[in-house]
Amino acid sequence: MADETPPPPRPAVPQTVPRTPPVAIWSLILAVLSFTCGWLFTAIPAVICGHIARAKIRKSGGALGGKNIAIAGLILGYIGLAIGIMGIPLLVSMIQSDRERLQRLSTERKEIASDDGKIKVTVPGTWTKLPELNKQASLQAGNKSKKCI
């Protein structure tokens, strides 16, 4: 009996790993993008995709995995959404202050004089001396933000 060989081991039953629904992966990708470049344009779809993914995973009865990915996408999406909503008043105030500054500069007048002081002109507040315009001119002024070709 010692010469008997043990029976060959049974082949292992392959464990099938439940696949992750693509919508869960998209939720996480969009949520991460909301912090880097997408702001509300990717945070909102990240939250929607996260809820869709969780519902699909729940209804699948274990056939689908990726629950943690969907939850991570939801959490990061909601955080991105909150940060984006809190940033709206800041963005509005920045735009408003820029508009007010430009309005003030456009209505404000200032005097620019030539280097020898013989010529003086009154120009809008957005204008400045531009010595590189024409080397032969006595006085060179213009709107520095407007590029002339």
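The values are calculated or read from the model by the stated rules, or taken from the named source; none is laboratory data. The shown structure was predicted, so the numbers you read here are calculated from the model rather than taken from an experiment. No Cβ is skipped: glycine too gets one built from the backbone with ideal geometry, and neighbour counts run over all protein chains shown.
Ile69 passes every criterion in (1) over 30 Å from Gln15 (Cβ atoms); (2) part of a helix (DSSP H, G or I); (3) not small (Gly, Ala, Ser) apart from (1). Working only within the stretch 84-130, note down all residues that are within 30 Å of Leu33 (Cβ to Cβ) and either among the polar types (S, T, N, Q) or modelled with pLDDT under 85 (or both). Those that are within 30 Å of Leu33 (Cβ to Cβ) and either among the polar types (S, T, N, Q) or modelled with pLDDT under 85 (or both): Ser93, Gln96, Ser97. Filtering the stretch 123-145 to residues that are in contact with a Gly (Cβ under 8 Å, 6 or more places away or on another chain) and of a type in the set (A, V, I, L, M, F, W, C) leaves Trp127, Leu130, Leu133.
Only one of Ser34, Ser93, Ser97 is under 30 Å from Gln140 (Cα atoms) and among the polar types (S, T, N, Q); which? Write out each step before concluding.
Numbers: Ser34 fails: under 30 Å from Gln140 (Cα atoms); Ser93 fails: under 30 Å from Gln140 (Cα atoms).
Exactly one residue qualifies, and that residue is Ser97.
Within the stretch 24-36, residues that are assigned by TED's automatic domain parsing to the domain that holds Ile71 sit with their Cβ atoms under 7 Å from residues that are in a helix (DSSP H, G or I) and of a type in the set (Ser, Thr, Tyr), at 6+ positions apart or across chains, in these pairs: Leu30/Thr42; Leu33/Thr42; Ser34/Thr42.
If you go through the stretch 54-74 and keep only what is closer than 23 Å to Leu33 by Cβ and of a type in the set (A, V, I, L, M, F, W, C), you end up with Ala55, Ile57, Ile69, Ala70, Ile71, Ala72, Leu74. Here Val23 fulfils each of the conditions (1) at pLDDT below 95; (2) out of contact with any strand residue (DSSP E or B) (no Cβ under 7 Å at 6 or more places or on another chain) apart from (1).
Does Ile112 count as part of a helix (DSSP H, G or I), free of Cβ contacts under 8 Å to residues at least 60 places away in the same chain and among the β-branched types (Val, Ile, Thr)? Working first, answer last.
On the way: part of a helix (DSSP H, G or I): no; free of Cβ contacts under 8 Å to residues at least 60 places away in the same chain: yes; among the β-branched types (Val, Ile, Thr): yes.
Spelling it out, it is not the case that Ile112 is part of a helix (DSSP H, G or I), free of Cβ contacts under 8 Å to residues at least 60 places away in the same chain and among the β-branched types (Val, Ile, Thr).
Do the conditions hold for Ala53, that is, is it on the phi < 0 side of the Ramachandran plot, surrounded by 11 or more Cβ atoms within 10 Å (Cβ to Cβ) and modelled with pLDDT of 95 or more? Quick ask: steps written out before the conclusion?
Numbers: on the phi < 0 side of the Ramachandran plot: yes; surrounded by 11 or more Cβ atoms within 10 Å (Cβ to Cβ): yes; modelled with pLDDT of 95 or more: yes.
Here the answer is yes, as Ala53 does meet what is asked.
Just one of the listed residues (Pro9, Pro89) is under 30 Å from Ser145 (Cα atoms), exposed (fewer than 12 other Cβ atoms within 10 Å of the Cβ) and either without any contact (Cβ under 8 Å) to a residue 12 or more places away in the chain or assigned by TED's automatic domain parsing to the domain that holds Pro131 (or both), and it is Pro89. In the condition set (1) in contact (Cβ under 8 Å) with a residue 24 or more places away in the chain; (2) surrounded by fewer than 19 Cβ atoms within 10 Å (Cβ to Cβ), Ala43 is compliant with all but (2).
Residue count for the stretch 58-78 satisfying the condition of being at pLDDT 95 or above and among the hydroxyl-bearing types (Ser, Thr, Tyr): 1.
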